[in-house]
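> Quick one: this structure, given as C-alpha cells, is what I'll be asking you about.
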Amino acid sequence: MSTATMTQKRSFGAALWDYLTTVDHKKIGHLYLAGGAFFFLLGGLEALIIRIQLMFPNSDFISAGLFNEMLTMHGTTMIFLAAMPILLGLMNAAMPLQIGARDVAFPFLNALGFWLFLFGGLLLNLSWFLGGAPDAGWTSYASLAMYSSGHGVDFYVAGLQIAGAGTLMGGINFIATIVTMRAPGMTYMRMPLFTWATFITSVLILFAFPALTINMFLLMFDRMFDAAFFNVDLGGNTIIWQHLFWIFGHPEVYILILPLFGLFSDIFATFSKKRLFGYTAMVFATMLIAFLGFMVWAHHMFTVGMGPVANSIFAVATMAIAVPTGIKIFNWLATMWGGSITINSAMLWSLGFIPSFTIGGMTGVMLGSSVADYQYHDTYFVVGHFHYVIVGGTVFGIFAALHYWWPKMFGRILREGLGKITFVLFFIGFHLTFFVQHFLGLMGMPRRINTFLPGQMLDTGNLISTIGAFFMTAAILVFVYNIIVSARDEQAPADPWDGRTLEWAISSPPPYYNFEQLPLVRGLDPLWVEKREGNGKMLPGEPLDDVHMPNGSILPFLMSFGFFVAGLGFIYQTDSKLWFLALYGGMAFALGCMVVRSLKDDHGYYIKKEELQKALDREAK
Amino acid sequence: MRGWLGKTKALVLLGSLLLLLSGCGKENLTALVPKGYGAQSSMDLIVLTTVVMSAVFLVVVLILVVVLIRFRKKKGQEDFIPKQVEGSVTLETVWTAIPIILVIIMAVPTVMAEFDLADTEERDDHRNITVTGYQYWWHFDYDDDEIQTSQDLYIPVGERVYLDLKSEDVLHSFWIPSLAGKLDVNPENVNTFYIEAYEEGVYYGKCAELCGASHALMDFKVIAVSPEDFDQWVDDMQSFDPEELELDSVAQEGKELFEANNCMSCHAIGGSGDPLGPNLASFGDRTRFAGILDPTKENLVDWIMDPDEIKPDNKMKFDNYPEISEEDAGKMAEYLMELKPSEITPDTVPDLASE
C-alpha cells in the first residue's frame, strides 16, 4: 500500500479491499464499531420482540420456543457481539492515540481479532436460518443446554469459541501496546484514565476468557463427542458449568463497565475544564474493582445450595466492591465541583450515567446480601438491576464515547440537537422500561418467562416496561439519522472540545501514521499542559526520521473464514460424517494461512521523512 | 436544559410513587408482604439494604444537582480556567471510610440470617417432604406419612417444614415468594431448606430457573392449613382408595377409559413410588389444572386432547397414549374431577387479607 493512493479518490472495490486487509488500528476500530452496531440493532430488535410478547398477559405474539431463542440471542448478542466489539472498537480508536503511539503492538493480530469476532458472530446468528437459535439462555446452564434439541446450542458453542478467541487476542494486544509503546515521558501515572481502564480491562480479558473457552470446550465435547462432564447420569456435574461460567461471567461485567469508567473520567475532566480529582485513587480503585471482580463470581449462585459459609464469604466480598465504586462516583462529582461545566451530548450521557448507574450499583449491593437475594434471584429484579448497570453504565458510556470521539474517528461532529433528542428519549425510555422491573420481580415475576397469567397484578408493570422500550427504539432511530445527516457536515477541527489528552493534538481524523514525530509528554493531561505552559502544541519527543509501517494483509480474514467453516463442520459432524470434510478442511485452511504468515517474510515499509516533513509544513500553515 | 431534566426526574418519581400506592402485588404472590419465616428474613434485609443504599443515592443526586446548578459555564466567563485541584486526602478518606462502615452495617445481619436459614440441625423434629422438579411440574412426597401429591403442597401453618429438593431432569428453582426465598432444584444433589407459613392461605409457587419451553407455566400452589386440618388431610389422603369412589355412570366410563388408554403407566392415584407423571390423588381439589388452567371441565378436555398446545414441550405426548375423542375426554374429565380425597381443600382455606 503506497501512501500516494491514500489521498486519491477510490472506487468502492478498492475501499472494500482496503478494509478487508487493513491492519491500521483506526480502521479496525471502524470495523469493530460497524460490526458491533449491526449486532446492537439486531439485539435491540430481539429485545423489542421480547417486550412486545410481554406487553399483555397470555400473549401469543411469538411461541414459547421462539421466545426462549429470542431471550438467549438477545443476551448473547448484546454482551458478546455488541457491547464487547464496540468497546474494543473504542479502545482501538482512542488508546494508541492517547499514549502517543503509531499503532498497536501487533497490528496483524489486531485484524485477526476483529475477523474472528465477526465470523464467530455470523456463525452464531446463522442458527436462525438453520433450524433454530440456541434456547438455553445466554448463560446456557449445562443441564438445560444438554437437553436442548437441535443444533442451536452447538452454534452457541462454536460461535462464542471463535469470537472469544478474537477478544482474547485483542486483550493481549492492548496489554503489550500499553506496556511497550507509550510515547517519551508518558509514564504509567500520566496515562489518561481511559487508557488505564483499557489496560486493566485487558488484564481481565486475559484471565477471564480462558474460563469461558474451557467451558465451551467441555460443553462441545459433551454435545458433539459424547463426553460426560455435565451428564449427571454418568457422574457428571452441571454445577461445574455454573462456576466456570461465572468465573468468566462476573469479570466480564467489569470488562463491560471499566473502559467506560475510564472514559467518563476523561469526559468529566474535559468538559469541567479541571484535572481529574484524585487521579491516583481513581487508578487504584479501578484496579481494586478488577481484582475483587474475580472474587465474587459465586454471588450469581447464592441459591445453588453452596452452604452458608460460601454464601457469606461471597456476600461480603460483593458488598466490598461498593467501596471502590463509591470512590469513583464521588471523585467524578468532585472533579465537576468548582469546574466550568459545558453540557453537550457527550456530557449529557455522562451526567445521565451517574444517577442511573448509581441505582444499578445500589441494587447490586442489595443483591449482594445473600438472604435478600433468595428473593431477588432469577426474577425481574435481577433483570432490572443488570440493565441499569449495562445500559445505564455501558450503553450510556458508549453513546458518550461516540459523541466525544466521533470527530476523531470520522472527522465529523454529530449534531448537538439530534444528540440531545436521542438522549432525552433514551433516558426516559430506559427508566420507564427497567425501573418498574425491580418491583415486578419482587411482586413475583420470574425472569425468562414467555408469558404470565392475568390476575397476578403484573399487568400494569409489564405494560409500562414495554412502552419504555418503544421510547428507546425511537432514540436509536434518531441517532442513526444523526450519523447519516452529519456525514455531510464540514470537517471537524483537530480539537473541538478543548481537550486535555494526546488524541486531540492531531488532526481529525488523524493521518494513517498518527504522529509525524512521537510527542514528548510533560505531565498528566499532556495537551492541557502544553496549552497552559507551552504554545499549545506538543513538543516532538524524537527527531524526524523514516517511520516503519506494517503492510496490510488478507490473511486474518482468510484464517477466520477457515475457522468459520471448521465451526460448521464441528456442529454438523454429528449428523453426517461428510461434515468432517468441512471440519478438517477449514482447520487445514486456517493452519495453512498461519504457515504462510510464518514463512513469508514481510518487513513492512517506510514512510520517508521528506513526506512527513511536508505534512508538518502543511500543519504549520 | 435543567428544566426538562428536573421534569423527567419528577415523572420517574411520580411513576414509582403511583406504583407503590397501587399496591405491593398480589397478596399470595408478592415477596413484598411476607407471610412466612424465610420471606420475613429476606424482607428485613431488603428493607435494611434499600434504606442504606437509598441514602447513598440521595447524597449522590444531591451533590450532582448542586454541581449542575453552581458550576455550569457562565456567560461572559468563557475563558475562565478553574483551579486544577489534584485531590484531597481528607475528602477521599471520608468517602472511603463511610462506605466501609455502611458495608459492615449490611454485612453482619446478612451473615447472621444466612446461617439461621441454612440451619438443618432440627430437621428430625419436624416434618420432612421431598420435592422433585420435573419439566414442567412438581411432585411432593411426604416421606413420614407415606402420601404423595403433585402440584399442590399442603403444609400446616406455624410449623417448620423441611423440604428436600431434587430434579429429575434439568435445573429448576423452587420459589414461593410470599413464604420463602428460592432454592435451586439441582439434578445432581439434594438441597434442603425449611419453610414456615404464618397465615392460612393458598400461596403461589413458581419455577424461577429457565428449564425449557414451558418454564413460565411451571406454577404450583402451597396450601397452608391449620395443624388440625392438616392432620385430617393426612388421614384422608392415607385412607383414600380410588376404587371405592362412588361414581355416576359417566364418571365410571371415564374411569374405564382412563385405565384403557394407558394413563396409569405414568399417572398414579395415591400410593407411593417414583412417578413418571403427576400423581392425580387430589386432582379434583386442584386450584389449577396443569398448573395454569382454571379448573373447569372444558379446560381439562382441551388438555387431554392436546397437552402440547397448552404446555409446549411437556412430556404428556401421544407417543404414550392414543388420541382421544372429545366425548371420551369429557368422560375422563368427569372421572378425574371426582378425585377429591379430603374435606380439606383450597376452597376451605380462608382468603388472605389483601393489604
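> For region A:350-356, just list the computed ³J(HN,Hα) in residue order, Karplus coefficients 6.51, -1.76 and 1.60, θ = phi - 60°, integers in Hz, with x standing in for Gly and Pro.
Using θ = phi - 60°, the values come out as 5, 5, x, 4, 4, x, 4 Hz.
> May I pose another question? Residue by residue through region A:142-148, which ³J(HN,Hα) values in whole Hz follow from phi under the Karplus form 6.51 cos²θ - 1.76 cosθ + 1.60 (θ = phi - 60°), with glycine and proline marked x?
Once θ is set to phi - 60°, the couplings for region A:142-148 become 4, 4, 6, 4, 5, 6, 4 Hz.
> If you line up the long axis of helix A:416-442 against the longest principal axis of chain A, both from Cα atoms, how many degrees apart are they, to the nearest 10?
30
> Could you tell me the relative contact order of region A:555-621? Use alpha-carbon pairs under 8 Å, at least six residues apart, and round to a whole percent.
Numbers: 51 pairs, mean separation 20.8, N = 67.
This gives 31 percent for region A:555-621.
> Taking the Cα centre of region A:555-621 as origin and charging only Cβ (+1 Lys, Arg; -1 Asp, Glu), how large is the dipole, in debye to the nearest 20? Display every interim value, and only then the final one.
Numbers: 8 positive and 7 negative charges, 19 e Å.
The dipole of region A:555-621 has a size of about 100 debye.
> List every residue whose amide H lies under 5 Å from the amide H of B:TRP175, counting only residues 5 or more places away in sequence or on a different chain, with H placed 1.01 Å from N in the peptide plane.
Correct list: B:LYS206, B:ALA208.
> Right, next: For every other residue with a beta carbon closer than 14 angstrom to the beta carbon of A:THR76, add +1 if it is Lys or Arg and -1 if Asp or Glu, then tell me the sum.
Working: positive: A:ARG448; negative: A:GLU46, A:GLU69, A:ASP135, A:ASP154, A:GLU252.
Local net charge: -4.
> For A:THR501, what charge total do you get from the other residues with a beta carbon under 9 Å from its beta carbon, if Lys and Arg give +1 and Asp and Glu give -1? Don't jump to the answer; show the numbers that get you there.
On the way: positive: A:ARG500; negative: A:ASP266, A:GLU503, A:ASP525.
So the surrounding residues net to -2.
> Relative contact order (percent) for chain B, with alpha-carbon contacts under 8 angstrom and 6 or more residues of separation? Let's see the in-between values first.
Values: 567 pairs, mean separation 63.4, N = 355.
Across chain B, relative contact order equals 18 percent.
> OK, next. Residues with beta-carbon under 15 Å from that of A:HIS151, excluding A:HIS151: net charge, scoring Lys, Arg +1 and Asp, Glu -1? Don't skip to the end; give the middle numbers.
Values: positive: A:ARG223; negative: A:GLU69, A:ASP135, A:ASP154, A:ASP222, A:ASP575.
Summing Lys and Arg as +1 and Asp and Glu as -1 gives -4.
> I would also like to ask the following. In terms of modelled amide H atoms, which long-range or inter-chain residues lie less than 5 Å from the amide H of B:LEU165?
B:VAL131, B:ASN191, B:THR192, B:PHE193
> Moving on. Mind sorting A:HIS603, A:HIS387, A:HIS431 by how few other Cβ atoms lie within 10 Å of their own Cβ, fewest first? Kindly include the intermediate steps, with their values, before the conclusion.
Values: A:HIS603 8, A:HIS387 21, A:HIS431 24.
Lowest to highest Cβ neighbour count: A:HIS603, A:HIS387, A:HIS431.
> Moving to a separate point now. What nm distance separates the two modelled labels at A:ALA15 and B:GLU298, each placed 7 Å from Cα along Cα→Cβ?
6.2
> Let me ask another. Divide by every residue of chain B the summed helix terms, -39500 (n - 2.57) for each DSSP H run of at least 4, and state the resulting mean residue ellipticity at 222 nm, rounded to the nearest 500 deg cm²/dmol.
Working: 8 runs with 132 residues, N = 355.
Counting only the DSSP helices, I get -12500 deg cm²/dmol.
> Turning to a different aspect of this structure: Let me know the mean shielding of B:116-124 by other chains, meaning the per-residue number of their Cβ atoms within 10 Å of its Cβ. Mind showing how you got there, number by number?
Working: counts 2, 5, 9, 1, 0, 0, 0, 0, 0.
Taking the mean over all residues of the peptide, I get 2.
> Another question about this same structure. Can you pull out the trypsin sites (Lys or Arg not before Pro) in region B:267-333 that DSSP calls coil and that have at most 10 other Cβ atoms within 10 Å?
On the way: sites: B:ARG286, B:ARG288, B:LYS297, B:LYS315, B:LYS317, B:LYS331; in loops: B:ARG286, B:ARG288, B:LYS315, B:LYS317.
Those satisfying the criteria are B:LYS317.
> Turning to a different aspect of this structure: Per the Kirkwood treatment, what hydrodynamic radius in Å, one decimal, follows for the protein assembly as shown from the mean inverse distance over all distinct Cα pairs?
Details: mean 1/r = 0.0330 Å⁻¹.
The answer is 30.3 Å.
> Tell me, what ³J(HN,Hα) does each residue in region B:185-195 have, in order and in whole Hz, if you take phi through Karplus 6.51 cos²θ - 1.76 cosθ + 1.60 with θ = phi - 60° and put x for Gly and Pro?
10, 8, x, 9, 8, 9, 9, 10, 8, 10, 10
> For every helix of n ≥ 4 consecutive DSSP H residues, a contribution of -39,500 (n - 2.57) applies; sum these over chain A, divide by its total residues, and give [θ] at 222 nm rounded to the nearest 500 deg cm²/dmol. All intermediate terms of the calculation are to be shown ahead of the outcome.
On the way: 23 runs with 406 residues, N = 621.
Per the formula, -22000 deg cm²/dmol.
> Here is a further query. Quick one: Cα centre-to-centre distance for region A:121-149 and region A:221-299, in angstrom?
23
> In Å and on Cα atoms, what radius of gyration and Dmax does region A:25-538 show?
Expressed in Å, the Cα Rg and Dmax of region A:25-538 come to 22.5, 74.
> Taking amide H positions as placed in the peptide plane 1.01 Å from N, state which residues far from B:GLY36 in sequence (5 or more) or on other chains have amide H under 5 Å from it.
So B:GLY36 has HN proximity to B:TYR198.
> Can you put B:ASP306, A:ASP617 in order of Cβ neighbours within 10 angstrom, beginning with the fewest?
Values: B:ASP306 14, A:ASP617 9.
Fewest to most other Cβ atoms nearby, the residues stand as A:ASP617, B:ASP306.
> Further question on the same structure: Can you tell me the relative contact order of region A:76-156? Whole percent, Cα pairs under 8 Å, sequence separation 6 or more.
24
Any read-out appearing in this document is the output of simple, stated calculations on the displayed coordinates, not a laboratory observation. None of these values were measured; they are calculated from a predicted model. Neighbour counts are summed over all protein chains in view; Cβ atoms, including those assigned to glycine, are modelled from backbone coordinates with ideal geometry.
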